[in-house]
Amino acid sequence: MRKILKLGVLTSGGDAPGMNPCIRSVVRTAIYNGLQVVGIRRGYQGLIEDDMYDMNTRSVSNILDLGGTILKTARCLPFRTDEGMETAYQNLKKREIDAIVVIGGDGTFTGALRFSQKYPDIAVLGVPGTIDNDLYGSTYTLGFDTATNTVIEAIDKIRDTADAHDRLFFIEVMGRDSGAIALRAGISCGAEAILLPEKETAIENLIENLKGGQYNKKSSSIVIVAEGDKHGGAYDIAKIVQKEVKFYDVKVTILGHLQRGGSPSAFDRILGSRLGYAAVNALIAGETQKMVGLEANHIKITSLEEALTQHEFKLEEDLMQMAEILSI
Ligand code: F6P
């Protein structure tokens with residue numbers, strides 16, 4: 001079994017609340033086990049530019065409550081090239097780093113898998129960190145819970161003003177290919193409709209549904225649009241609907257990047273701690289090209305390949321049906 005002496009840790013892709021608790025857990029678990037730890041700044045960019053620093057237990061003091069990531073992050077195009085990967089590899093060898101923990105989403109894992117197939121002497125372990133909650137092998141990804149709570153808080157406020165003015169709001173939430181935030185927020189805020197990339201909703205049905213709301217004497221209506229919805233963004237859909245639904249004054253809110261920030265929830269702090277701890281222990285046990293996740297409240301180890309090829313998150317049909325029934 002390979003012996004790991006020095007571990008690198010990085011965050012890559014879109015930041016997610018819970019990344020800092022995870023970094024803290026990786027650093028302290030590694031040090032507890034006698035490993036040296038190196039923090040890599042701005043994800044794969046830092047690997048290529050050799051932007052790394054030695055970490056100790058105090059490097060991660062008082063970060064549990066911080067949003068973002070103390071290691072910073074980036075979407076790094078050069079890492080997709082052979083030259084970029086080779087430079088990253090040489091920098092790791094120079095620093096005698098045997099293993100890396102990569103915290104991020106599917107783009108991060110795609111890079112991690114390619115890298116470790118090319119350079120198998122560097123062990124690689126992934127931790128799912130994305131607000132999109134769209135990775136196979138973990139029921140929850142870091143940041144999803146906090147982001148959903150942030151969205152709920154915002155929509156509750158919009159509901160107040162929507163109700164006061166008898167208005168219809170289209171609210172766009174994040175999730176490039178994933179309706180996970182939209183669905184959970186829709187249920188939690190009693191949205192009249194939820195438009196998801198995973199499910200085709202005919203605009204005519206949406207219009208009928210909203211007209212039914214007026215018939216049922218609803219004083220406001222909220223439609224949540226996941227950004228990946230096939231009809232386009234909230235503005236496009238609102239324009240079409242406005243022509244048919246004359247009784248409501250229509251407004252649009254794009255929640256945007258505020259969904260990515262903020263102090264991690266208790267759930268994300270605990271999840272980050274558990275996954276960081278599990279990732280280091282898995283590396284010590286000799287694992288590589290794997291992702292640690294949480295399923296049925298237990299740590300589950302999935303191959304990166306499986307996490308990626310099966311990455312399409314399946315939204316729960318029963319929740320979608322329930323959301324529809326409860327919003328009448
Ligand atoms: O993957 C997380 C995410 O927030 C997606 O929901 C969103 O589509 C994307 O990142 C936005 O990326 P960026 O911050 O690079 O614009």
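Numbers at a glance
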read-out	value
The range 43-103: GluC sites (Glu not before Pro) in DSSP coil with no more than 10 other Cβ atoms inside 10 Å	Glu96
Gly261 long-range amide H proximity, modeled H, under 5 Å	none
Summed side-chain charge close to Thr161 - residues other than Thr161 whose Cβ falls under 12 Å, Lys, Arg +1, Asp, Glu -1	-1
Cα gyration tensor shape for the range 171-218, rounded if a/c is under 1.5, else prolate or oblate	oblate
Per-residue HN-Hα couplings for the range 248-261 [Karplus 6.51, -1.76, 1.60; θ = phi - 60°; Hz; x = Gly/Pro]	10, 7, 9, 10, 10, 10, 9, 6, x, 6, 4, 5, 8, x
From phi via Karplus (6.51, -1.76, 1.60), per-residue ³J(HN,Hα) for the range 9-17 in Hz, x at Gly/Pro	9, 9, 10, 9, x, x, 5, 8, x
Degrees, to the nearest 10: 203-215 long Cα axis against longest axis of the chain	60 degrees
Neighbour net charge for Arg42 - beta-carbon separation under 13 angstrom, K R +1, D E -1	-1
Residue order, fewest to most surrounding Cβ atoms within 10 angstrom, among Leu142, Leu113	Leu113, Leu142
Exposure proxy order (Cβ contacts within 10 Å, fewest to most) of Glu172, Glu316	Glu316, Glu172
For the chain, built as a Gaussian network whose Cα springs stay under 10 Å, the top-fluctuating residue of Met19, Met85, Met291	Met85
Two-decimal ratio, the chain, of alpha-carbon radius of gyration to 2.2 N^0.38 Å	1.09
Taking the range 13-63 and dividing mean pair separation by its residue count, relative contact order in percent (alpha carbons under 8 Å, at least six apart)	38 percent
Potential lengthening between Leu5 and Asp121 on full extension [0.36 nm per residue; Cα-Cα distance subtracted]	40.5 nm
Value at 222 nm in deg cm²/dmol, rounded to 500, when DSSP H runs of n ≥ 4 in the chain each add -39,500 (n - 2.57)	-13000 deg cm²/dmol
Local electrostatic count at Val280 - Lys and Arg +1, Asp and Glu -1, tallied over other residues with Cβ under 13 Å	+3
Table column - 3J(HN,Hα) (Hz), the range 281-295, Karplus curve with 6.51, -1.76, 1.60, x for Gly and Pro	5, 5, 4, 4, 6, x, 6, 8, 6, 10, 10, 9, x, 10, 9
Dipole of the chain [Lys/Arg +1, Asp/Glu -1 at C-beta], most positive-end residue of Tyr53, Met174, Val124	Tyr53
Packing-based exposure ordering (other Cβ within 10 Å, fewest first) of Ser178, Ser116, Ser263	Ser263, Ser116, Ser178
Reach of Lys246 by Cα under 16 Å, taken over lysines that are not fewer than 8 positions away in the same chain	Lys211, Lys217, Lys218
Cα extents of the range 190-287 along the three principal axes, largest first (Å)	63, 25, 23
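Coordinate-derived values only; no laboratory data. Predicted model, so just to flag it, every value in this text is computed and none were measured. Quick reminder, even Gly has a Cβ in these numbers, built from the backbone with ideal geometry, and neighbours come from all protein chains shown.
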